[in-house]
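All remarks here apply to the structure that follows.
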Amino acid sequence: MIRSEVIQSIAPVIRDHLVVCNIGLPSQELFMHDDQPSNFYMLGTMGLASSIGLGLALSQKAKVVAIDGDGSILTNLGTLPTIANNPADNFVLLIIDNGSYGSTGDQPTYAGRKTSLAKVAEACGCENVFECPAEETAKVLEQALGSDRMTIIVSKCKSGNVPVDVIELDPVVIAHRFREEVARRNS
Amino acid sequence: MTKTSPDVSVRIVESLAANHVEFITTVPCKQLAGVIDLVDKDDRFRHVPSNKEDEGMGLCAGAWLGGKRPAIIMQNTAIGVTINALATLIQYYHIPLPMLISYRGEVGEKVACQVEMALHTKALLQELAIPTYHFHQQQDTDELNGILNHCFMAKKPVAVLMDAGFWSAAR
Ligand SMILES: [Mg+2]
């Protein structure tokens, strides 16, 4: 499975939850497969999906899934100690690890070489860290969302991309409809 | 300075609370230590220290999306590492973000290297079209309530630069 297929496979699992999705192809793929007002698409700012997801989870009650990538986590590695030390049991961080910078032409990341993001997360103090093959992502994610415990999932998938259009939604529209959805779910 | 003046750190924290700020992230600076300590002990705020200021801006964006008013407390050297987060996240999505910034490298500074980023601080903020307020004296704190209100009205990042004169006047 490549990332696009992982995102397609988890769409039914995350549809009813708040989702913060990483910049570039992951957001474009999620938008293509299953656009929802409960999806926050990052149009810029590589690396901050997990930080936005944690801030969101700590600030309201609904469950939050942050979809991040291996390259983006490496860009903002300081996020893992912050997540570990400020646990939010309504937060699941899903790192789709294809071992490459997919949105920029599949250049290899260190996560595809010697660095284990699952072990890094554990060393940072994160509990409930699960590494799984791509095919099991939806099942593991469903269990994590049902566990009411903050969970980090590293989904190991193949590198590769499918053609996908850019998102033409205005950023202010994305934020506005998302905030309304958050308010509705917390009312 | 009169001895009856309320402590400036307390006044900053009270302004944040009065403006319904509930989520605060911080990266430490010696000058801000008193404010950060008060924020950390105050149940009116969720305090999440961050490891780098752009990470902190991500946390603040998430808090805003979650319905909470955020603020970031940091040093002016951080302007250099947050320009992308400011332009493509905070400004692009119209997220209000008060930035309470210790303005290192101004008159009274003891560390020469701090002067180097001080030289660029206002120019960078101006280039980003970020409303910027410079606190030099203790009574400048009187303006903070209005500045915070303005920030959340306009849904923009706003910078409050607090220099060495401001902090020493408060001592
Ligand atoms: Mg990748």
Is it the case that the range A:83-94 has a residue that's within 16 Å of the ligand (Cβ to nearest atom), under 23 Å from A:Lys139 (Cβ atoms), more than 14 Å from chain B (Cβ to nearest Cβ) and in a strand (DSSP E or B)? yes
Screening B:Val13, B:Val35 for residues that are in contact with a strand residue (DSSP E or B) (Cβ under 8 Å, 6 or more places away or on another chain), surrounded by 15 or more Cβ atoms within 10 Å (Cβ to Cβ) and among the β-branched types (Val, Ile, Thr) leaves only B:Val35
Between a residue in the range A:162-187 that is closer than 22 Å to A:Gly24 by Cβ and any residue that is part of a loop (DSSP other than H, G, I, E, B), which pairs come within a Cβ distance under 6 Å, given they are 6 or more apart or on different chains? A:Pro171/A:Leu43; A:Pro171/B:Tyr92; A:Pro171/B:Tyr93; A:Val172/B:His94; A:Ala175/B:Tyr93; A:Arg177/A:Pro37
Taking the range B:95-116 only, how many residues are under 15 Å from B:Ala159 (Cα atoms) and out of contact with any Pro (no Cβ under 7 Å at 6 or more places or on another chain)? 8
Scan the range B:75-91 and tell me whether some residue there is closer than 16 Å to A:Phe178 by Cβ and more than 8 Å from chain A (Cβ to nearest Cβ). yes
The lone exception for A:Ile67 - which of (1) hydrophobic (A, V, I, L, M, F, W, C); (2) facing chain B (nearest Cβ under 7 Å); (3) within 16 Å of the ligand (Cβ to nearest atom) it fails: (2)
Unmet requirement for A:Leu56, which otherwise passes all of (1) closer than 24 Å to B:Tyr92 by Cβ; (2) surrounded by fewer than 18 Cβ atoms within 10 Å (Cβ to Cβ); (3) at the interface with another protein chain (Cβ under 9 Å from one of its Cβ atoms): (2)
Return the total of residues in the range A:146-187 being within 17 Å of A:Cys21 (Cα to Cα), more than 14 Å from every other protein chain (Cβ to nearest Cβ) and surrounded by fewer than 19 Cβ atoms within 10 Å (Cβ to Cβ). 5
Can you spot a residue in the range A:105-124 that is surrounded by fewer than 18 Cβ atoms within 10 Å (Cβ to Cβ), basic (Lys, Arg) and within 14 Å of chain B (Cβ to nearest Cβ)? no
Within the range A:29-44, the count of residues that are touching a Phe, Trp or Tyr at 6+ places or on another chain (Cβ under 8 Å) and either within 16 Å of the ligand (Cβ to nearest atom) or within 8 Å of another protein chain (Cβ to nearest Cβ) (or both) comes to 4
Name the single residue, out of those in the range B:115-156 being among the aliphatic types (A, V, I, L, M) and closer than 12 Å to B:Asn76 by Cβ, that is surrounded by the most Cβ atoms within 10 Å (Cβ to Cβ). B:Leu125
Could you list all residues from the range B:128-164 that are under 25 Å from A:Ala175 (Cα atoms) and in a helix (DSSP H, G or I)? B:Ile147, B:Leu148, B:Asn149, B:His150, B:Cys151, B:Phe152, B:Met153, B:Ala154
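Throughout, read-outs are computed from the coordinates displayed, never taken from laboratory work. Not measured: the values here are computed from a predicted model. We place every Cβ from the backbone using ideal geometry, glycine too, and count neighbours over all the protein chains shown.
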